[in-house]
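Here is the structure we will look at.
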Amino acid sequence: MAYDNNNIFARILRKEIPCNAVYEDEYVLAFRDITPKAPTHILVIPKGSYVDIADFGARASAAEIEGFFRAVSKISAEQNLTQQGFRSIANTGLHGGQEVPHFHLHLLGGKSIGPMVLER
Ligand code: 5GP
């Protein structure tokens, strides 16, 4: 799937649309989900143009991949998610129920998130 430069997260990265940012560095932007599904619900996105986690793993540079996951650790600590635990989700494609075609990792916490999969 080709990357769509006008997806909502690309527009957030270009500052065309506001977001409630919690962290930003050279590699990532992290902001609160507009429709939170947990007391803490943060989206971490790479600054590069990647459709999903598979695209990111295949095409991103080693520095981008390292930068992304270093940031996830920093953000989870800063947001008090690390000690009690949290769930990270990367919905991918049609079967994954991905709505926004720019790779993003959901960080969900602040309470017990429940079972991983609701139905088979
Ligand atoms: P997906 O289903 O693609 O994994 O998740 C997309 C997420 O982006 C959803 O949880 C949705 O609430 C969130 N979202 C969609 N549009 C916006 C927006 O304009 N701003 C923010 N902060 N979150 C958004």
Response to the item:
Here D for region 53-105, in µm²/s, from Stokes-Einstein with a Kirkwood Rh over Cα pairs at 25 °C and 0.890 mPa s, works out to 197
Worksheet, complete the sentence: Of the candidates HIS104, ASN6, ASN80, the farthest towards the positive dipole end of the chain (Lys/Arg Cβ +1, Asp/Glu Cβ -1, centred on the Cα centre) is ASN80
Worksheet entry | GluC sites (Glu not before Pro) within region 31-120: DSSP coil, no more than 16 neighbouring Cβ in 10 Å | GLU99, GLU119
Worksheet item: So what J values fall out for region 28-42 if you push phi through Karplus, 6.51 cos²θ - 1.76 cosθ + 1.60 with θ = phi - 60°, rounded to Hz, Gly and Pro as x?
Response: 9, 10, 10, 8, 6, 5, 5, 10, x, 9, 7, x, 10, 9, 10
Worksheet item: Just from the alpha-carbon atoms, what are the Rg and Dmax of the chain in angstroms?
Response: 13.9, 39
Worksheet, complete the sentence: Expressed per residue, the solvent accessible area of the chain in Å² (1.4 Å probe) is about 62
Discussion item. Once you place label points 7 Å from the Cα toward the Cβ at SER61 and ARG14, how far apart are they in nm?
Written reply: 2.3
Item to complete: Express in Å², to the nearest 10, the accessible area of SER73 obtained by rolling a 1.4 Å probe over the protein heavy atoms while all chains stay in place.
Response: 70
Worksheet item: Does a label point 7 Å from the Cα of ILE89, set along Cα-to-beta-carbon, have any residues of region 22-44 with amide nitrogen under 14 Å, and which are they?
Response: 33-44
Worksheet item: Roughly to the nearest percent, how much of the accessible area of the chain is carbon and sulfur, given a 1.4 Å probe?
Response: 52
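The values are calculated or read from the model by the stated rules, or taken from the named source; none is laboratory data. Just so you know, these numbers come straight off a predicted model, no measurement behind them. Glycine gets a Cβ as well: all are built from the backbone with ideal geometry, and neighbour counts include every protein chain shown. Note: areas computed on protein heavy atoms with side chains; ligands, DNA, RNA excluded. Shrake-Rupley method; radii C 1.70, N 1.55, O 1.52, S 1.80 Å.
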